[in-house]
Structure formats: structure tokens, C-alpha cells
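S.K.: The structure under discussion is supplied below as C-alpha cells; questions concerning it will follow.
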Amino acid sequence: MAIDRREFIRNSTMAGLGLAFLPNLAFGSNSKQVLNVGFIGLGLRGTGHLRNALQRSDINVKAICDISKDRLRLAQDMLKKADKPTALEFGKDDYDYRNLLDLEDIDAVIIATPWLWHTPMSVDAMKAGKYTGVEVSAAMTMQECWDLVNTHESTGSHLMILENVNYRRDVMAVLNMVRQDVFGELMHFRCGYQHDLREVKFNDGVHAYGHGVEFGEKGYSEAAWRTQHSLKRNADLYPTQGVGPVATYANINRGNRFISLTSHATKSRGLHNHIVAQGGEDHPNAKLKWKLGDIVTTTIDTANGETIIVTHDTNLPRPYSLGFRVQGTKGIWEVDGNRIYIEGKAEKAHRWDDADADAWLEKYDHPLWKRFGAEAEGAGHGGMDFFVMNAFVESAKRQIAPPLDAYDAAAWSSITPLSEASIAEGGQVQQFPDFTRGKWIKRKPYNWIKDSF
Ligand SMILES: NC(=O)c1ccc[n+]([C@@H]2O[C@H](COP(=O)([O-])OP(=O)(O)OC[C@H]3O[C@@H](n4cnc5c(N)ncnc54)[C@H](O)[C@@H]3O)[C@@H](O)[C@H]2O)c1
């Protein structure tokens, strides 16, 4: 397959010239030039967002909130090093974030707290009229999914689910290919969260990754809260990193929607084996019975006749992969193996291209990456964190609906309670509620193929 690499390089270089203009993308009179932002939750993820915010001249970090004094101090140090004014501090108790929300001059908030706080904080933030960004997943129960949608509708405040994987370079190039009909009519997708989290779920209470088999009150960072979910729930606990990009490819909630799912779980071995291997058979945690099956497999049916297989695989030794596969009537891309087959374009019938998928991904490099790729480097997770922040800030400055909204947050997050119910009922089919209440039929897809946000 002949693809002009010189053209790709030229485009990338020209993109570099455009960076001097960043920001401000908001020249319109209806747009704020600078956004006053409050940060709720300044753990590993929240400080990552803060770091990216400090790179931008259109964010004023007005207030920060965390129940950990250490995290507040660290965040203030970051502000100081960036020559920014000290932020107002909150966090004297679990509900002090509400006092941050009472500040009238805060335009937007970014919530990066443990999962069980996401919906309560988002609901309060929308009620306070703040443009709300919430980390993934957004909700843990069906009621919470509805709470997000209902609050968005009753207040008119916007909610963006901050799914950074939607902005990964290959994911966006494939979106560009999908929109340009390279794969034909879409039929089938695979995706999932396949990430060995054993050293995230357990640590020594001091380091974030490993060095021990403690969790809960004795754990640090995600081990302090995430691990409990593996103990109590057998479900796809983290669906949005895989399903977010696929939902965008398939126009979910915008001409299409999730209809139903079935889920199955393997037995649970990985976490117990890890505790025994690292902490010994006599460690008290070796007695625990983990509810989460090591591999949870969910199959979703969509209104437009596609199927999506979503995998949650966090307890066993394995390399990291979100396992994307996009298949249509004309061809197929698979992230594992970085391979592609497009009928009529492939060198040999019935065989993956000898070359990997890179030439295709370069040819269809997304306009956003072409323009801001150099700026994004170093922003975290290979650059995608830059773009998710950019989309949030540019949407919030204009007070317009974000690319990934409350309906997306609800539909994607609902996979957790629905998969749990299906597994508990021996794989019974579960129906997705229509969170858009019929509007999915008329809603237009977000205009993704542009170089602004
Ligand atoms: N999109 C991604 O790539 C990505 C990566 C990592 C984490 N995350 C998500 O980000 C969120 C945070 O994860 P993390 O790794 O930063 O966890 P973390 O445990 O390091 O940070 C959570 C922070 O929230 C604070 N907190 C807890 N309760 C609070 C309350 N009531 N008020 C104020 N602060 C409170 C804690 O003190 C802690 O500092 C999670 O939802 C996680 O799934 C997303």
C-alpha cells in the first residue's frame, strides 16, 4: 500500500507552526477567554490534570479540594513552581467540596476522586451551575446513571466524562478512518480494560505501586478504595476506557444506542494468588474471598445491529492492552498486532498486510493530533490527556455541550451494574435503559473531524 509519508511529515511540521497560537482557540464573543477552575481530588490523576492545566494560559486554578493535606500541599507547590497564585483550599471533611462549589466565580470543576464520589460530586456541581468534568467511570449504579442525566436536564449544566482514551492517537486516526468509510458499514467491535492491576490494588500504604499486599485503610492511592470493589462486586468495574472510543465510532446516543448485554465471569484466582505470593499464606488478606471474576466478558447489542465484546481483565499477569478491534463490511483493524486488512487494498487476500497498520494510521492521522501533537507530548498517557483537557476547557469556555456528555457518561457507566446483574443471573440478557428518552433517534453525532477540539 503506497502512502505518501513525505506528506505526513509535511503536515506534522506545519502543525508545529500552529502551536504558537495555543491557546486561545476561543475568539468568539460568546466565549470566556479564561476559565476559573476548581479541582476536586488531587491524587495521582487529579495532579495529572492540574499539571496539564498549568500548561495553559486560559485556566485560572482558583480552588483545590482534597481531604489529604499532603495532596493539597503538593498541589500548591505545583502552582508556586508554575508562578501561579495560591489556590483557595478545601478538604476539612468529605463534604467540604460543597463549599468550593459555593464559590460564585468558579466556572468549571474537575472531579478526580474515588469512584463512589463521582456521581454525588457531579450532581452537586451541576446543581451549583458549574461546568463539570468527571473522571471515569462516572457512575456505579443504575440510579447514579439516571442521577447524572436527570441533573443535567433539570439544571442545564453540562457534564463531560473525561475519557482520555477517546483522544489516543491511534483511536482518533481510526475514528477518522471510520468517518471516511474505510471499514464500510460497521459490524463488530472488541475492546476492554486489560491491565494487570495487582500492584495497583495492593501496596504497602506508602508507595502507589506494589511493595506490599495491603489495601483499604492500610493502602495508598487506588489501593485505599479501588480494591474494595473487587472484593464486593462481580462486574465489569471499568468499562469506559474500552467502550468510550467504540461508542464514538458507533454513534451511540446519536443515531444508535446500546440495547442489551450479557456478561460472564471466570472464577477468581489472581488476587488471592498475588497475596499469597507476595505476603505469604498466613497474611490475613489471604483469607479473603474475592468476588470479582478474573476475566469478565460482556457482549452488547446495538440498535443498528452491531455487536461489541468488552473485556475486563485486571487480576492476572498480562501485558497492557485495550484490545480494540473495529470490523466492517470492507475491512478490519486490530490494535493487538497493530494489523489491518482492507479488502481490495491488502497485498494478499485472506492475510493481514505484511506491513503493520502504521502507514494507515499516519495517513488518517486526526486533524487534532496533526495540529497539537507536539504540544500534547508529555501531557500524560502518550499525549491523550492534553486533548481531553483541551476539549473540556474549550467546551466550558463556550458553555456548549461537550463531545462526551451526560448521556455518554450514563450509557457507558451503566455497563457496570448491568454486567453485574447478568453475571448474577447466569448470563441473563439485561436491557439498557434509553438514557436519552428517545432523543438518540434525532441527535446528531458530534463533529469529531476538525482541528479545534
Ligand atoms: N483516565 C485515566 O487514564 C485515569 C487514570 C488514573 C485514574 N483515573 C481515575 O481517576 C480517579 C482518581 O484516581 P487516582 O488514581 O487519582 O486515585 P487517588 O486515590 O490517587 O486519588 C483520589 C484522591 O481523592 C481524594 N478524596 C477522596 N475523597 C475525597 C473527598 N470526599 N473530597 C475531596 N477529596 C477526596 C483522596 O484524598 C485522593 O487524594 C478514579 O476515578 C480513577 O478511576 C483515570
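S.K.: Considering segment 329-358 alone, what residues qualify as being among the aliphatic types (A, V, I, L, M) and surrounded by fewer than 13 Cβ atoms within 10 Å (Cβ to Cβ)?
M.R.: 349
S.K.: Exactly one condition in (1) of a type outside the set (Ser, Thr, Tyr); (2) open to solvent by 30 Å² or more (accessible area, probe 1.4 Å); (3) under 19 Å from residue 142 (Cα atoms) is not met by residue 450; state its number.
M.R.: That leaves (3) as the condition not met.
S.K.: Right, here's the next one. Of all residues being among the basic types (Lys, Arg) and over 25 Å from the mean Cα position of the chain (by Cα) in segment 259-303, which is surrounded by the fewest Cβ atoms within 10 Å (Cβ to Cβ)? Just the residue, please.
M.R.: 289
S.K.: Further, regarding this structure: I'd like the residue in segment 92-130 that is charged (D, E, K, R) and in contact (Cβ under 8 Å) with a residue 60 or more places away in the chain and, out of all such residues, is surrounded by the most Cβ atoms within 10 Å (Cβ to Cβ).
M.R.: 130
S.K.: Let me ask something else about it. Give segment 375-400 a look and list any residue that's hydrophobic (A, V, I, L, M, F, W, C) and touching a strand residue (DSSP E or B) at 6+ places or on another chain (Cβ under 9 Å), or say none.
M.R.: Those that are hydrophobic (A, V, I, L, M, F, W, C) and touching a strand residue (DSSP E or B) at 6+ places or on another chain (Cβ under 9 Å): 388, 389, 391, 392, 393, 396.
S.K.: Same structure, new question: Could you please find all residues in segment 113-127 being away from the ligand (no atom under 15 Å from the Cβ) and among the hydrophobic types (A, V, I, L, M, F, W, C)?
M.R.: If the condition is that a residue be away from the ligand (no atom under 15 Å from the Cβ) and among the hydrophobic types (A, V, I, L, M, F, W, C), then 126 is the only one that fits.
S.K.: Related question: Residues of segment 241-253 being within 15 Å of the ligand (Cβ to nearest atom) and either open to solvent by 10 Å² or more (accessible area, probe 1.4 Å) or among the basic types (Lys, Arg) (or both), which ones?
M.R.: Result: 241, single match.
S.K.: What are the pairs, 6+ residues apart or on separate chains, where a residue within segment 234-247 that is assigned to a loop (DSSP other than H, G, I, E, B) has its Cβ under 7 Å from a residue that is within 14 Å of the ligand (Cβ to nearest atom) and of a type in the set (Val, Ile, Thr)?
M.R.: If the second residue must be within 14 Å of the ligand (Cβ to nearest atom) and of a type in the set (Val, Ile, Thr), the pairs left are 235/416; 236/416; 237/416; 239/416.
S.K.: Further, regarding this structure: Pick from segment 28-64 the residues that are farther than 22 Å from residue 103 by Cα and not in a loop (DSSP other than H, G, I, E, B): which of them is most open to solvent (accessible area, probe 1.4 Å)?
M.R.: Applying the filter and picking the extreme gives 51.
S.K.: Looking at segment 149-206 only, could you name the residues that are on the phi > 0 side of the Ramachandran plot, free of Cβ contacts under 8 Å to residues at least 40 places away in the same chain and either touching an Asp or Glu at 6+ places or on another chain (Cβ under 6 Å) or crowded, with 21+ Cβ neighbours inside 10 Å (or both)?
M.R.: Correct list: 205 only.
S.K.: While we're here: Please work out which one of (1) open to solvent by less than 10 Å² (accessible area, probe 1.4 Å); (2) within 16 Å of the ligand (Cβ to nearest atom) is the condition residue 380 fails and give its number.
M.R.: Checking residue 380 against (1) open to solvent by less than 10 Å² (accessible area, probe 1.4 Å); (2) within 16 Å of the ligand (Cβ to nearest atom), the one that fails is (1).
S.K.: Can you name the residue in segment 217-240 that is more than 24 Å from residue 295 (Cβ to Cβ) and within 12 Å of the ligand (Cβ to nearest atom) and is also most open to solvent (accessible area, probe 1.4 Å) among such residues?
M.R.: Checking each candidate, the answer is 220.
S.K.: Restricting to segment 317-349, count the residues that are part of a loop (DSSP other than H, G, I, E, B) and either basic (Lys, Arg) or farther than 23 Å from residue 185 by Cβ (or both).
M.R.: 12
S.K.: For segment 131-148, which residues satisfy the criterion of being touching a strand residue (DSSP E or B) at 6+ places or on another chain (Cβ under 9 Å) and either within 22 Å of residue 431 (Cα to Cα) or open to solvent by less than 10 Å² (accessible area, probe 1.4 Å) (or both)?
M.R.: Correct list: 131, 132, 133, 134, 136, 137, 138, 148.
S.K.: Could you run through segment 366-377 and say how many residues are open to solvent by 30 Å² or more (accessible area, probe 1.4 Å) and either within 12 Å of the ligand (Cβ to nearest atom) or under 26 Å from residue 195 (Cα atoms) (or both)?
M.R.: 1
S.K.: Which of the residues spanning segment 92-112 are in contact with a strand residue (DSSP E or B) (Cβ under 6 Å, 6 or more places away or on another chain) and within 12 Å of the ligand (Cβ to nearest atom)?
M.R.: Listed by number, the residues that qualify are 96, 97, 99, 100, 109, 110, 111.
S.K.: Let me ask you something else. Within the bounds of segment 207-216, is there any residue that is over 30 Å from residue 277 (Cβ atoms), assigned to a strand (DSSP E or B) and open to solvent by 30 Å² or more (accessible area, probe 1.4 Å)?
M.R.: There is no residue in segment 207-216 that is over 30 Å from residue 277 (Cβ atoms), assigned to a strand (DSSP E or B) and open to solvent by 30 Å² or more (accessible area, probe 1.4 Å).
S.K.: Is it fair to say residue 437 is touching a helix residue (DSSP H, G or I) at 6+ places or on another chain (Cβ under 9 Å) and open to solvent by 10 Å² or more (accessible area, probe 1.4 Å)?
M.R.: Against the criterion (touching a helix residue (DSSP H, G or I) at 6+ places or on another chain (Cβ under 9 Å) and open to solvent by 10 Å² or more (accessible area, probe 1.4 Å)), residue 437 qualifies.
S.K.: Another question about this same structure. Within segment 65-91, track down each residue that is part of a loop (DSSP other than H, G, I, E, B), open to solvent by 10 Å² or more (accessible area, probe 1.4 Å) and within 15 Å of the ligand (Cβ to nearest atom).
M.R.: Matches in segment 65-91: 66, 67, 68, 91.
S.K.: Going by the structure shown, is residue 442 over 30 Å from residue 292 (Cα atoms), of a type outside the set (Gly, Ala, Ser) and touching a Ser or Thr at 6+ places or on another chain (Cβ under 6 Å)?
M.R.: Taking the combined requirement at face value, the residue does not satisfy it.
S.K.: Among the strands (runs of 3 or more DSSP E) contained in segment 106-190, which hold 3 or more residues that are over 30 Å from residue 358 (Cβ atoms)?
M.R.: 108-111, 131-134
S.K.: What is the number of the single condition among (1) open to solvent by less than 10 Å² (accessible area, probe 1.4 Å); (2) modelled with pLDDT of 95 or more; (3) within 16 Å of the ligand (Cβ to nearest atom) that residue 397 does not meet?
M.R.: Just one mismatch for residue 397, condition (3).
The values are calculated or read from the model by the stated rules, or taken from the named source; none is laboratory data. Because the structure is predicted, anything quoted here is derived from the model rather than measured. Please note: Cβ atoms are built from the backbone with ideal geometry, for glycine as well, and neighbour counts cover all protein chains shown. We work out accessible area using only protein heavy atoms, side chains counted, and drop any ligands, DNA or RNA first. Shrake-Rupley method; radii C 1.70, N 1.55, O 1.52, S 1.80 Å.
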